[in-house]
Amino acid sequence: MRILLVEDEAKVSSFIARGLAAERFAVDVSNDGTAGFDLASTYHYDLLILDLMLPGMNGTELLQRIRRTNSTVPVLILTARDAVADKVGNFDAGADDYLTKPFAFAELLARVKALLRRGPVSRSSVVRVEDLELDRLSQQVRRAGKRIDLTSKEYSLLEYLMSNAGRVLSRTMIIEHVWDQSFDGITNIVDVYVRHLRNKVDDAHDRKLIKTVRGMGYTISSGAQP
Ligand code: CA
């Protein structure tokens, strides 16, 4: 496993690099944001550890630039700042985890291992099942390239089905995920909404994607009827 560490504080970076090397990781170190970005875009790393306050280019900008071309590499941010706004901003920019200085090496190592176990993360906002596409960012749905207008509940239901494509979801699971706790409505609400969705998503097409699994619930999947 090869890790890139971008940290300008020599003491901190040598402490981390030595610790990770002792754990048999290959570690490249850069003490400058611009040089770090060059390394990150030249070599294939399994994980990036970024400080925020860096000469050359700050850690947030470095992260944003990397995310434009490499959406999957896990990124751990190291920083002295612990303001909530900074954390949120960096998660928005595509950070996977955050560690505030000072920290114990054991904690850094645990986080590094957890991120590596998870592996490359798909950050695409688009989910697809055959020619049906749902974009979580724009909240738009298209089938065969044609825009489908959904109400917000229909959208939530479709998103839940598509995020679990191929898995049978019971009516109870659907109610728990799509409706909130205040839901005390009619018991066949799921069937009603699935019917609405089918009208919009499947009716105009020969291939039906939303499937009823008798006695169990619903699923959305490509391929044959389960
Ligand atoms: Ca720094």
Given the structure, is residue 172 among the hydroxyl-bearing types (Ser, Thr, Tyr), assigned to a loop (DSSP other than H, G, I, E, B) and modelled with pLDDT under 90?
-> no
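Scan 83, 35, 21, 17 and give me the residue that is surrounded by fewer than 17 Cβ atoms within 10 Å (Cβ to Cβ), within 18 Å of residue 108 (Cα to Cα) and in the same structural domain as residue 105 (by TED's automatic domain parsing).
Working: 83 fails: within 18 Å of residue 108 (Cα to Cα); 35 fails: within 18 Å of residue 108 (Cα to Cα); 17 fails: surrounded by fewer than 17 Cβ atoms within 10 Å (Cβ to Cβ).
Checking each option against the conditions leaves just 21.
On the basis of being in a helix (DSSP H, G or I), modelled with pLDDT of 90 or more, within 16 Å of the ligand (Cβ to nearest atom) and of a type in the set (D, E, K, R), does residue 11 make the cut? Lay out the reasoning, then the answer.
On the way: in a helix (DSSP H, G or I): yes; modelled with pLDDT of 90 or more: yes; within 16 Å of the ligand (Cβ to nearest atom): yes; of a type in the set (D, E, K, R): yes.
Judged against the criteria, residue 11 is a match.
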Flagged in segment 66-87 as assigned to a strand (DSSP E or B) and either within 22 Å of residue 137 (Cβ to Cβ) or modelled with pLDDT of 90 or more (or both), in numbering order, are 75, 76, 77, 78
Considering segment 134-169, residues that are modelled with pLDDT of 95 or more and part of a strand (DSSP E or B), and then whichever is surrounded by the most Cβ atoms within 10 Å (Cβ to Cβ), we arrive at 141
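Within segment 14-36, which residues are assigned to a helix (DSSP H, G or I) and under 19 Å from residue 98 (Cα atoms)? Spell out the reasoning first.
Kept after step one, since they are assigned to a helix (DSSP H, G or I), are these residues of segment 14-36: 14-22, 33-36.
Scanning segment 14-36 gives 15, 16, 17, 19, 20, 33, 36.
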Checked 112, 127 against criteria (among the hydrophobic types (A, V, I, L, M, F, W, C) and either at pLDDT below 95 or exposed (fewer than 14 other Cβ atoms within 10 Å of the Cβ) (or both)); the one match is 127
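What is the residue count in segment 42-59 for residues that are assigned to a strand (DSSP E or B) and near the ligand (Cβ under 8 Å from one of its atoms)?
If we filter segment 42-59 for residues that are assigned to a strand (DSSP E or B), which is where we start, we get 47-51.
Going one step further and asking which of them are near the ligand (Cβ under 8 Å from one of its atoms), we end up with 51.
Final tally of qualifying residues: 1.
Working only within segment 88-113, note down all residues that are under 23 Å from residue 70 (Cβ atoms) and either outside the structural domain of residue 19 (by TED's automatic domain parsing) or assigned to a strand (DSSP E or B) (or both).
In the first step, residues of segment 88-113 are kept if they are under 23 Å from residue 70 (Cβ atoms); the result is 88-99, 108, 111-113.
Result: 97, 98, 99.
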Residues of segment 122-163 being out of contact with any helix residue (DSSP H, G or I) (no Cβ under 7 Å at 6 or more places or on another chain) and among the polar types (S, T, N, Q), in sequence order, are 122, 124, 125, 138, 140, 151, 152, 163
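The values are calculated or read from the model by the stated rules, or taken from the named source; none is laboratory data. Just so you know, these numbers come straight off a predicted model, no measurement behind them. Every residue, glycine as well, gets a Cβ built from its backbone with ideal geometry; the counts of neighbours run over all protein chains shown.
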